[in-house]
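First the structure, in the form of structure tokens, and then the observations on it.
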Amino acid sequence: MKSYHLDHLEYLETEAIHIMREVAAEFERPALLFSGGKDSICLLRLAEKAFRPSDIPMPFLNVETGHEFPELIEFRDRRAAELGAKLIVRTVDQAIANGTAVPAPGEISRNKLQIPVLLGAIEEFRFDCAIGGARRDEEKARAKERFFSFRDAFGQWDPKNQRPEIWNLYNGRLNPGENMRVFPLSNWTEMDVWEYIKKERLEVPNIYFSHQRECFRRGGQWLPVPPAHTDATKPDPYAGARPTAKEPIKTLVVRVRTIADMISTGMIESPANTVDDIIGEVSAARVTERGTRADDKASEAAMEDRKKAGYF
Amino acid sequence: MSNPPTISDLRSPISQSPSSGAPVELLRFNTCGSVDDGKSTLIGRLLYDSKSLMEDQIEALERSADLTGGGQINLANLTDGLRAEREQGITIDVAYRYFATPRRKFIVADTPGHVQYTRNMVTGASTANLSIVLVDARQGVIEQSRRHTYLASLLRIPHLVIAINKMDLVDWSEQRYLEIRSEFEKFLPLLDIKDVKFIPMSALNGDNVVDPSKHTPWYVGPTLLGHLETVHIASDLNLNGFRLPVQWVNRPNNPTNKELHDFRGLSGQVASGIIKVGQKVMVLPSGHRSTVKEIWTYDGAIPEAFCPQSVTIQLAHDLDISRGDMIVGLESLPGMGTDLHAKVCWMNARPLQRGRKYFLKHTTQTVQAVVTSIDSRININNYEVQPEPSELVLNDIGEIRIKTAKPLIYDGYATNRLTGSFILIEQGTNATVAAGMLQPALEAVKPEYNDFAI
């Protein structure tokens with residue numbers, strides 16, 4: 001007898017495809033947030049599965065902090081071109097130059113500065129919906145997030161006043177100026193993402209695999225040494241993010257587990273060279289994925305505060 | 001494990017994640033109970049005893065233990081993610097948790113028990129295979145126990161676990177366990193729940209959660225996790241009566257591949273049943289019949305598809321079909337109509353009143369709807385029916401009649417959770433204000449067109 005039965009990855013896939021198609025059908029101007037990271041790589045495959053043989057009916061959007069790993073940018077641009085998608089990039093540098101983003105004195109991370117850039121891009125292109133790769137298993141505040149996450153005209157998330165989501169009926173109705181963030185991978189775990197990458201044979205940027213890199217120790221993490229500052233006519237974009245004399249540089253065999261930018265991504269020492277190696281590592285891991293993210297360590301409620309302000 | 005967890009217990013370096021590669025089944029469940037019944041503690045215990053906790057989560061627990069718990073670890077802090085929740089020791093919203101054992105993966109909806117309980121429980125339970133109703137062994141069956149059991153039955157959750165918790169506080173008395181069990185068995189026959197399991201436990205100490213308790217030699221059943229790992233869920237899927245609500249029409253623009261010039265795909269998620277290439281189907285509301293020419297997927301054409309796969313099908317005839325239409329099998333036709341009878345759970349502070357207009361979202365279509373009458377309000381604490389109430393307020397369950405501007409193609413909720421459910425959306429604020437479960441149609445659709453489309 002034939003078994004009409006889905007395993008857990010097939011179930012997560014069909015759920016995510018359903019959500020992507022709801023977005024295409026119910027919103028006029030959706031965008032898909034694509035950074036080149038592993039979660040958004042899965043989103044692209046799900047978009048292909050949802051919409052082929054048609055074109056993916058939405059542009060890709062990425063917000064650059066200016067501190068990206070060059071490997072990630074190269075990968076992002078190439079994948080967008082291969083899929084025939086329009087890629088829109090907006091940067092924190094532009095936003096600082098035109099005054100819409102104002103750096104806090106002494107703060108070198110540009111993580112929070114992505115918020116006005118993202119909101120600016122939503123306004124510029126009049127996007128009514130942005131699909132993102134966030135997962136509920138990443139962080140406690142995210143565990144309360146909806147698939148369709150309503151944002152008011154200021155881009156804010158109000159966790160106490162979320163729309164109930166019942167069965168597979170998603171309420172995407174908006175008034176002018178409001179928008180929706182949609183997270184098709186809400187129910188995926190880090191392990192599910194890697195198992196899906198394996199099953200679908202998805203290419204990922206090589207920084208996810210073991211390589212030699214110069215690192216230094218700060219805040220309990222191995223941070224990558226930023227690229228050399230060559231253009232003396234401009235200020236060093238990595239000022240403050242370079243190792244001091246008290247932070248010796250070591251060459252280590254490392255990889256990234258989760259990618260923010262170069263100044264907020266902790267490298268993990270790892271010999272994992274293949275997706276199978278990574279799956280083995282994740283299943284034996286004793287630290288959550290976000291444990292290597294400096295941006296989440298700021299306080300217990302760091303993610304909640306950023307999400308309320310309009311973060312991804 | 002019979003003592004409250006210590007930091008060193010939590011650090012035991014064992015991983016029980018599923019070995020990669022092997023297909024693993026997914027079980028979705030929700031937990032419900034009133035305040036202090038120990039819901040969050042139970043989930044924390046499942047995560048902890050199944051070795052699903054990570055070092056940094058344990059560190060965060062340690063930090064909050066020093067801050068608010070006087071050094072005692074509070075497993076509830078694992079699920080209470082928002083600042084207000086930790087400060088006030090409450091859970092505000094449905095929180096989702098994920099853990100895995102070598103046998104299954106689990107998605108847990110932790111639904112808070114105090115304010116908004118009905119709304120949150122309906123949300124968390126709507127996608128669940130199984131509900132866990134927690135009962136404090138000292139208190140036995142209270143109003144909330146009846147309420148949660150009723151809601152589980154209203155939503156037609158296939159499996160129910162009555163977790164009789166805090167057994168340590170009644171000296172592990174078998175007699176107390178049997179008393180509570182017989183209290184439940186007095187009213188369970190009023191509710192249509194097929195599979196009910198009673199488990200005596202102490203979530204705080206871990207007895208009968210993951211490891212069998214040495215305090216309950218009189219209990220021969222499985223531990224909670226043992227039950228979650230083995231309860232038969234394969235038949236929970238609805239494989240009767242094919243239904244495909246059309247979600248998105250897939251027509252490539254200027255395809256470079258000439259074969260795609262005439263591609264007209266109907267994309268959607270199979271809501272029930274099985275569809276095969278060559279099978280005859282009907283398109284509703286038009287009533288046109290056609291044959292399935294191809295079931296297209298990104299990974300290649302497939303000979304058949306079943307619930308809940310997301311697919312794109314092509315029919316033999318070029319029919320005018322759009323989002324909101326439904327493709328159905330001929331062997332069992334759904335109902336179709338504008339006058340609907342439904343049970344609703346009201347989820348908004350502004351009450352439901354007769355004559356008010358809402359948007360109604362059902363499968364993939366959203367239509368205007370007006371509430372023509374409120375037939376009854378159901379007291380979910382004692383199951384009494386109050387006829388013709390003037391309104392339904394937040395967390396009320398009632399039976400209503402609705403008239404829609406366009407016909408719905410639907411089944412009764414009892415036979416089809418996806419084509420028998422809807423939500424109501426308030427016009428203006430766009431808030432989701434109700435979850436609705438349709439009564440079956442009095443008769444199946446009788447389409448005007450019975451011929452194959454030309």
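The values are calculated or read from the model by the stated rules, or taken from the named source; none is laboratory data. It should be emphasised that the depicted structure is a prediction, and the values quoted were computed from it without experimental measurement. Cβ atoms come from the backbone with ideal geometry, glycine included; neighbour counts cover every protein chain shown. Ligands, DNA and RNA are stripped out before the accessible areas are found, and what is left, the full protein with its side chains, is counted by its heavy atoms. Shrake-Rupley method; radii C 1.70, N 1.55, O 1.52, S 1.80 Å.
Numbers at a glance
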| read-out | value |
| --- | --- |
| Test: residue in the range B:192-199 that is farther than 30 Å from B:Gly436 by Cβ, in contact (Cβ under 8 Å) with a residue 40 or more places away in the chain and buried (at least 19 other Cβ atoms within 10 Å of the Cβ) | no |
| Filter result for B:Ser376 (of a type in the set (Gly, Ala, Ser), outside any strand (DSSP E or B), out of contact with any Phe, Trp or Tyr (no Cβ under 8 Å at 6 or more places or on another chain) and at pLDDT 95 or above) | no |
| Boolean, A:Ile279 is out of contact with any Leu (no Cβ under 6 Å at 6 or more places or on another chain) and assigned to a loop (DSSP other than H, G, I, E, B) | no |
| Single residue of A:Ala16, A:Ala31, A:Ala50 found to be buried (at least 22 other Cβ atoms within 10 Å of the Cβ) and in a strand (DSSP E or B) | A:Ala31 |
| Selection within the range A:69-92 - touching a Lys or Arg at 6+ places or on another chain (Cβ under 9 Å) and either on the phi > 0 side of the Ramachandran plot or assigned to a loop (DSSP other than H, G, I, E, B) (or both) | A:Ala85 |
| Every residue from the range B:241-289 that is more than 17 Å from B:Pro334 (Cα to Cα), open to solvent by less than 10 Å² (accessible area, probe 1.4 Å) and outside any loop (DSSP other than H, G, I, E, B) | B:Asn250, B:Gly265, B:Leu266, B:Ser267, B:Gly268 |
| Looking only at the range B:351-363, and only at residues there that are open to solvent by 60 Å² or more (accessible area, probe 1.4 Å) and in a strand (DSSP E or B), the one that is farthest from the other protein chains (Cβ to nearest Cβ) | B:Gln353 |
| Single unsatisfied condition, A:Asn62 versus (1) in contact with a strand residue (DSSP E or B) (Cβ under 6 Å, 6 or more places away or on another chain); (2) assigned to a helix (DSSP H, G or I); (3) over 26 Å from B:Leu260 (Cα atoms) | (2) |
| In the range B:385-418, the residues that are part of a loop (DSSP other than H, G, I, E, B) and under 25 Å from the mean Cα position of the chain (by Cα) | B:Val393, B:Leu394, B:Asn395, B:Asp396, B:Asp411, B:Gly412, B:Tyr413, B:Ala414, B:Thr415, B:Asn416, B:Arg417, B:Leu418 |
| So A:Thr251, is it within 14 Å of chain B (Cβ to nearest Cβ), outside any helix (DSSP H, G or I) and closer than 24 Å to A:Ile108 by Cα | no |
| Residues satisfying the stated conditions in the range B:200-237, i.e. within 27 Å of A:Ile19 (Cα to Cα) and open to solvent by 30 Å² or more (accessible area, probe 1.4 Å) | B:Ala234, B:Ser235, B:Asp236, B:Leu237 |
| Any hit, the range B:295-318, residues being of a type in the set (D, E, K, R) and either open to solvent by less than 20 Å² (accessible area, probe 1.4 Å) or part of a strand (DSSP E or B) (or both) | yes |
| Some residue of the range A:102-123 being open to solvent by 10 Å² or more (accessible area, probe 1.4 Å), touching a Phe, Trp or Tyr at 6+ places or on another chain (Cβ under 7 Å) and within 30 Å of B:Val367 (Cα to Cα) | no |
| Sole residue being within 14 Å of another protein chain (Cβ to nearest Cβ), more than 30 Å from B:Phe99 (Cβ to Cβ) and modelled with pLDDT under 95, chosen from A:Gly66, A:Gly84, A:Gly99 | A:Gly84 |
| Sole residue being of a type in the set (Val, Ile, Thr) and over 21 Å from the mean Cα position of the chain (by Cα), chosen from A:Ile166, A:Ile197 | A:Ile166 |
| Residue within the range B:267-284 that is at the interface with another protein chain (Cβ under 8 Å from one of its Cβ atoms) and among the β-branched types (Val, Ile, Thr) present | yes |
| Counted residues, the range B:364-378 - those being open to solvent by less than 20 Å² (accessible area, probe 1.4 Å) and of a type outside the set (A, V, I, L, M, F, W, C) | 3 |
| Single match in A:Val182, A:Val92 (criterion: of a type in the set (Val, Ile, Thr) and in contact with a Ser or Thr (Cβ under 6 Å, 6 or more places away or on another chain)) | A:Val92 |
| Search result, residues across the range B:327-350 that are charged (D, E, K, R) and either more than 30 Å from B:Gln314 (Cβ to Cβ) or not in a loop (DSSP other than H, G, I, E, B) (or both) | B:Asp339, B:Lys343, B:Arg350 |
| Positions within the range A:194-221 being part of a helix (DSSP H, G or I) and farther than 23 Å from B:Asp299 by Cα, in sequence order | A:Asn206, A:Ile207, A:Tyr208 |
| Count of residues meeting criterion [surrounded by 17 or more Cβ atoms within 10 Å (Cβ to Cβ) and either at pLDDT 90 or above or among the β-branched types (Val, Ile, Thr) (or both)] in the range A:263-279 | 10 |
| Looking only at the range B:105-117, and only at residues there that are open to solvent by less than 10 Å² (accessible area, probe 1.4 Å) and in contact with a strand residue (DSSP E or B) (Cβ under 6 Å, 6 or more places away or on another chain), the one that is nearest to the other protein chains (Cβ to nearest Cβ) | B:Ile107 |
| Checklist (1) without any contact (Cβ under 8 Å) to a residue 60 or more places away in the chain; (2) within 23 Å of B:Ala128 (Cβ to Cβ); (3) out of contact with any strand residue (DSSP E or B) (no Cβ under 9 Å at 6 or more places or on another chain) applied to A:Asn175, failing item | (2) |
| Complete set of residues in the range B:126-154 that are touching a residue at least 60 places away in the same chain (Cβ under 8 Å), open to solvent by 30 Å² or more (accessible area, probe 1.4 Å), of a type outside the set (Val, Ile, Thr) and farther than 22 Å from A:Pro164 by Cα | B:Glu143, B:Arg146 |
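Rundown of residues vs (1) of a type in the set (Gly, Ala, Ser); (2) surrounded by fewer than 22 Cβ atoms within 10 Å (Cβ to Cβ); (3) at pLDDT 95 or above, yes/no style:
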position	(1), (2), (3)
A:Leu169	no, no, yes
A:Pro176	no, yes, no
A:Asn179	no, no, no
A:Pro184	no, no, yes
A:Asn187	no, no, yes
A:Arg201	no, yes, yes
A:Tyr208	no, no, yes
A:Arg213	no, yes, yes
